[in-house]
Each structure stands twice: as C-alpha cells, then as structure tokens.
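Computed from the coordinates by the stated procedures, all read-outs in this text should not be read as laboratory data. Remember, it's a predicted structure, so these values are computed and weren't measured experimentally. All Cβ positions, glycine included, derive from the backbone under ideal geometry; neighbour counts span all protein chains shown.
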Amino acid sequence: MRVQNTSISFPNQAIFKWLLVCSFLVSFMSIQSIESESIKKTDRHIQRIALKDSNLSKVEKKLMNMGLKRTNRIISSKASWYGEYFHGRTTANMEIYNKDLITAAHKTLPLNTYVLITNKLNNRKLIVRINDRGPYVDGRDIDLSEAASKILGSHGKGVVPITYEILAKA
C-alpha cells in the first residue's frame, strides 16, 4: 500500500508567508484586546473603591461613574415634563419613549448628550440623557420624562425654573 503526500503546497511561497503573518497578527491582537479589557475592569474597580472613601458630592461621584465631566456651559431656563400620552411612541433617536426612564427632550442639543439639571426651587440635581426633541413651547428648553420630573420635584408644578449644564465625556 502506498501513502500519498498530503502536505499542502502553495504555488506562491509569498502568499503562504503572508497568511502566516496575518494569522500571527490576529492572534496577537486578540490577546492585546483581552488584556486591555482586563485593565479597564481593574481600573473601574479601583475607581469604585476610591469613590467610596472620597469626600466628593453624589453628583461628582455619579459623573465619575458615568465617565462624564463638567463643562461649565450652564444655561438658565424653564423645564416641563411629558409622560403618558407619549409613552410607547418613538423618540427622535428611534428609541421607544418610556415615561419611567430618566431622559429628556431638547430642541437643539445632540441626541445622547448628557445634561446636569438643577431645579432652582428646591436645588435638586439630576443627570439626564437627551433622547428626543422638544419642547415646542417658547421659553422652555427641556422636556423631562415623567420619572425625571418626579425626582427633581417638578411633577406637580408642571413648569419650573432650572439651570442645566451640558456634560462631556471624560
């Protein structure tokens, strides 16, 4: 019985070498990616421990946890809220509006921008994400979700004076 040579032969050795290099690079990059993710997890863990022992305000801790920083771009205006009528409808960024989530609408800010809102009547603060457009009433800049309005203490009042600070990625 005769055994045939089953080795793979490439007509062009350059292609073979190129494939070997590519497979090595893919393997190397996969290892780097895993190590990078491990370092990120460790950094987040260290940050959580540091935050527990710090004298930072709740807002500053939340900003750090969310990877946001203050920009000192503060605007005074009025805010209203919207709820049940829009619940389940599509927002400007194609999400389904949920009155129980902490979101808001703004006429011109880029969608998915985070904003720190302060209710001037009671000094309550809240970080919201802009996911919709509105309000379409003069003199108001922000339409809060029903949940956000309850946290800020503006739900029973309807329209309240606010300041809002545009936040940036840290």
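A compact table of results
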item	result
15 Å cut-off, amide nitrogen to a point 7 angstrom out along Thr71 Cα→Cβ, residues in region 110-134	110-117, 128-131
FRET E, pair Lys120, Met94, Förster distance 25 Å, beta-carbon r, rounded to 0.05	0.15
Where Rh is the Kirkwood radius over Cα pairs, Rg/Rh for region 81-159	0.93
Proximal charge balance of Thr118 [Cβ under 11 Å; K/R count +1, D/E count -1]	+2
